[in-house]
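Working notes, structure below.
The values are calculated or read from the model by the stated rules, or taken from the named source; none is laboratory data. A quick note: this is a predicted structure, and the numbers were derived from the prediction, not measured. Here the Cβ is made from the backbone with ideal geometry for all residues, glycine too, and neighbour counts use every protein chain on show. Keep in mind that these areas ignore ligands, DNA and RNA; they rest on the heavy atoms of the full protein, side chains included. Shrake-Rupley method; radii C 1.70, N 1.55, O 1.52, S 1.80 Å.
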Amino acid sequence: MTALFEIFYNIISPIFIIIGIVIGTSRFVKLEAKSLSRLIVYVFTPCLVLGRLANSDLGAGEAFSLMAVAMLMQFTMALIGFGVARLAGFDRQLESVFILTLVLVNAGNYGIPLNEFAFGAGGEERALIFFVATIIVSNTLGVFLVSRGSLSTRAALMNVFK
């Protein structure tokens with residue numbers, strides 16, 4: 001029972017505290033979600049990743065292996081999704097959305113703190129590497145799939161490079 005209380009206290013309660021703060025704050029202050037999102041994506045997330053990895057004991061070989069496994073997993077899911085979508089007869093737009101739901105992983109918001117809680121600092125370091133790999137795939141394959149839903153394959157590839 002003590003372990004369950006620790007999990008609730010250390011993992012679950014901070015989430016509800018943050019939700020409560022946001023709800024309470026939003027009653028008095030008009031929060032701009034777009035500005036906050038941009039701040040998180042362009043400032044806080046890179047600072048978290050660079051700061052933690054700069055002080056990491058993780059070797060380059062292990063980091064590369066983790067990234068390769070994460071990317072392989074996402075590309076495998078994309079291929080499986082493509083096959084299922086073709087068998088189901090999805091149109092191009094639905095096919096792209098279906099594959100996106102299989103490929104895009106939210107490894108940052110809950111994955112990093114959960115791995116730190118479960119496995120300590122070493123788990124957090126590895127979760128950060130996994131997170132970086134998923135971000136790379138999201139910003140390449142994800143952009144391609146979103147663009148491919150309404151554009152030609154060539155135009156979708158050009159969007160990835162833009």
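Largest mean-square fluctuation among Ile99, Ile18, Ile80, in a Gaussian network model of the chain whose springs join Cα atoms under 10 Å apart, belongs to Ile18. Structure remark: mean-square fluctuation, Gaussian network model of the chain, C-alpha springs under 10 Å; the largest value among Asn115, Asn106, Asn55 belongs to Asn55. Set the Cα radius of gyration of the stretch 106-162 against 2.2 N^0.38 Å, with N its number of residues, and you get 1.50. Geometric descriptor of the stretch 90-133, per residue, is 64 Å³ (volume of the convex hull of the Cα atoms). How high is the FRET efficiency between Tyr42 and Val84 when r is their beta carbon distance and R₀ equals 35 Å, given to the nearest 0.05? Computed FRET efficiency for Tyr42 and Val84: 0.50.
Solvent-accessible surface (1.4 Å probe) assigned to Ser13 amounts to roughly 20 Å². Of Tyr9, Tyr42, the order by accessible heavy-atom surface (1.4 Å probe, DNA, RNA and ligands excluded), from most exposed downward, is Tyr42, Tyr9. Taking square-rooted eigenvalues a ≥ b ≥ c of the alpha carbon gyration tensor, is the stretch 1-86 rounded, prolate or oblate, where a/c under 1.5 means rounded and, failing that, a/b exceeding b/c means prolate? Judged from the Cα gyration tensor, the stretch 1-86 comes out prolate (a/c at least 1.5, a/b above b/c). Full extension of the segment from Glu32 to Ala60, taken as 0.36 nm per residue of separation minus the current Cα-Cα distance, would add 6.2 nm. The angle between the Cα long axis of helix 13-28 and the main principal axis of the chain comes to about 80°, on a 0 to 90 degree scale. Compute the acute angle (0 to 90°) between the alpha-carbon long axis of helix 111-137 and the principal axis of greatest extent of the alpha-carbon atoms of the chain; round to the nearest 10°. Value to nearest ten degrees: 30. Per the Debye calculation on the stretch 34-133 with a single equal scatterer at every Cα and no solvent contribution, log₁₀ I(q)/I(0) for q = 0.11, 0.17, 0.22 Å⁻¹ amounts to -0.44, -0.86, -1.09. Of Thr25, Thr134, Thr101, the residue with the greatest mean-square motion in the GNM of the chain, using alpha carbon springs below 10 Å, is Thr25.
Of the listed residues Val103, Val84, the order by accessible area with a 1.4 Å probe, largest first, is Val84, Val103.
Placing a label point 7 Å from the Cα of Arg92 along the Cα-to-Cβ direction, the residues of the stretch 118-162 whose backbone N falls under 13 Å of that point are 145-157. Measuring only protein heavy atoms, the 1.4 Å probe finds Leu36 accessible over about 80 Å².
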